[in-house]
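A.B. asks: Before anything else, here's the structure in question.
The values are calculated or read from the model by the stated rules, or taken from the named source; none is laboratory data. These numbers were taken from a predicted model, which means no experiment stands behind them. Glycine also receives a Cβ, built like all others from the backbone with ideal geometry; neighbour counts cover every protein chain displayed. What goes into the accessible areas is simple: the full protein's heavy atoms, side chains included, and nothing from ligands, DNA or RNA. Shrake-Rupley method; radii C 1.70, N 1.55, O 1.52, S 1.80 Å.
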Amino acid sequence: MRISFSVTPERPSPNGVFRVGLLGHGTVGAAFHELLEERAEAIEASTGQRPELSGVLTRGRGDFDDILERSDLVVELIGGLEPARDYVLRTLAAGKHVVTANKQLLSQHGEELYSAAAEAGVQLRFEAAVGGVVPIIRVIHETLAAAHIQRVHGIVNGTTNFILTEMARTGASYEEALAEAQELGYAEADPSDDVSGRDAAAKMAIIARLAFGTPLQVEEVPHEGIEKVTGEDIERARELGLSLKLVGSAERVDGGVAVRVFPTFLFGAHPLASVNGSFNAVTIESPAITEITLSGPGAGGSQTASAVLGDVISAMIPPPTPPVPARALPIVTDVESAFYLHLEVADRPGVLAQVAEILGLQGVSVRSVVQKGLGEDARLEMVVHRVLESKFLAAVAMIGGLDFLRAEPRVIRVIEEVF
Ligand SMILES: NC(=O)c1ccc[n+]([C@@H]2O[C@H](COP(=O)([O-])OP(=O)(O)OC[C@H]3O[C@@H](n4cnc5c(N)ncnc54)[C@H](OP(=O)(O)O)[C@@H]3O)[C@@H](O)[C@H]2O)c1
């Protein structure tokens, strides 16, 4: 049983010491602890204050109230929703800064936390929640604060990028590449959050909130994972000069925003096409800056800890910059995209013409086609130019009903832009 007192006198920070409470001492927490001790002297030299750990909380060690009382800033590296949310809110309410790497928490309770930080006049920093050590949050929220961001494309999940890279590099199946990712520690024993696209959707919700100032929860981000991607998809696409990535896209469309995560083909010249292995990357587009690409390691204990410590140092140096209050923009679900279409058909005259006619009726224009004979059947692969998703899918549904089709049509989105 824990006994707490309703009024506890605040223990002041000793002169020149900045006290950091640490919640969670797992992969990232332990690496953060080590890095903090290693870099304390250098941080003191540049900020005039020496960061010191004031306490550590795990399931079997430490007491939150005690740590809060003795800290100027609390680092939350527990993960999950509760008790992380409760601890973060209580820290902010106590007028103390928070640094967290918790994308689940921010993508589901971001508004509550941002306004709690603003009300208390303290900082809530979360660089490590998206893209590991790649400074995506800082660049969108601070460096590009003056730019009107039009669109962000991101490879924000290292596990799926590793799997897709291995499938393309070695010809491995999805199952084989996943097993390898698990063996090497790039994928969890239960990889469902990563491979289903939900992890990337949470990160895109956080990015869109900052880029467009609209409140967005992970549930509002349609996502598709990589479980159904086959080695054949990747191999065939190579013939068309495309590479396959799990891409999160957030863009302004018709006065609203469209935020989604899908397996997507990229042309070789796109900045994200060459991002391989467990690396993360984002391209940020705005008329004022054209395009910026940031890339680097998307996870890992020491890399993530470095982003967390960077946030701690920023919080030691005022002024605080909580995100401005959100203004809701409509969420647009039917947006334009280019598409790849793969059809297995009977090899007989008139098939291509019939497919082309249906596409034409829906206003779909074909960019490139590859046709190959397979005995009595044939394979038709094509990339079509940008078109409203509803029109393209209507055409595919009509094509799916034709009697010469030998298998379900396969559809994958394509990003056409190169810079
Ligand atoms: N790992 C990465 O590469 C990475 C990258 C980017 C962001 N992140 C984020 O960083 C955060 C931490 O991830 P991690 O990989 O370090 O997790 P982890 O290895 O599972 O460590 C979690 C830590 O939190 C503690 N904890 C769990 N539930 C608790 C509770 N109810 N009360 C007190 N302590 C509790 C655990 O205590 P016990 O030691 O007692 O179990 C453990 O020390 C997550 O939000 C994650 O999404 C991680």
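A.B. asks: If the Cβ limit is 9 Å and pairs must be 6+ apart or interchain, which residue in segment 148-163 that is free of Cβ contacts under 8 Å to residues at least 12 places away in the same chain and on the phi > 0 side of the Ramachandran plot pairs with which residue that is open to solvent by less than 10 Å² (accessible area, probe 1.4 Å) and part of a loop (DSSP other than H, G, I, E, B)?
C.D. replies: Partner pairs satisfying both residue conditions: none exist.
A.B. asks: Given the condition under 16 Å from residue 167 (Cβ atoms) and modelled with pLDDT under 95, answer yes or no: does some residue in segment 219-228 qualify?
C.D. replies: yes
A.B. asks: Quick one: count up the residues across segment 110-133 that are under 12 Å from residue 88 (Cα atoms), assigned to a helix (DSSP H, G or I) and either within 16 Å of the ligand (Cβ to nearest atom) or touching a Cys at 6+ places or on another chain (Cβ under 7 Å) (or both).
C.D. replies: 2
A.B. asks: While we're on this one: Applying the selection to segment 219-242, what residues are surrounded by fewer than 22 Cβ atoms within 10 Å (Cβ to Cβ) and under 19 Å from the mean Cα position of the chain (by Cα)?
C.D. replies: 219, 220, 222, 223, 224, 227 - these are the residues of segment 219-242 that are surrounded by fewer than 22 Cβ atoms within 10 Å (Cβ to Cβ) and under 19 Å from the mean Cα position of the chain (by Cα).
A.B. asks: All but one of (1) crowded, with 20+ Cβ neighbours inside 10 Å; (2) farther than 17 Å from residue 311 by Cβ hold for residue 104; which doesn't?
C.D. replies: (1)
A.B. asks: Still on this model: Quick check on residue 143: is it out of contact with any Lys or Arg (no Cβ under 9 Å at 6 or more places or on another chain) and within 12 Å of the ligand (Cβ to nearest atom)?
C.D. replies: No.
A.B. asks: Residues that are under 25 Å from the mean Cα position of the chain (by Cα) and away from the ligand (no atom under 16 Å from the Cβ): find the strands (runs of 3 or more DSSP E) completely inside segment 6-103 holding 3 or more of those. So that I can check it myself, show each step before the final result.
C.D. replies: On the way: elements: 17-23, 50-57, 73-76, 97-100.
Correct list: empty, since no element meets the threshold.
Okay, residues lined up against (1) open to solvent by 20 Å² or more (accessible area, probe 1.4 Å); (2) under 31 Å from the mean Cα position of the chain (by Cα):
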{"residue": "315", "(1), (2)": "no, yes"}
{"residue": "331", "(1), (2)": "yes, yes"}
{"residue": "353", "(1), (2)": "yes, no"}
{"residue": "372", "(1), (2)": "yes, no"}
{"residue": "387", "(1), (2)": "no, yes"}
{"residue": "412", "(1), (2)": "no, yes"}
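A.B. asks: Further, regarding this structure: For segment 144-198, give me the residue count where each residue is open to solvent by 20 Å² or more (accessible area, probe 1.4 Å), within 21 Å of residue 266 (Cα to Cα) and in a loop (DSSP other than H, G, I, E, B).
C.D. replies: Of the residues in that region, 4 qualify.
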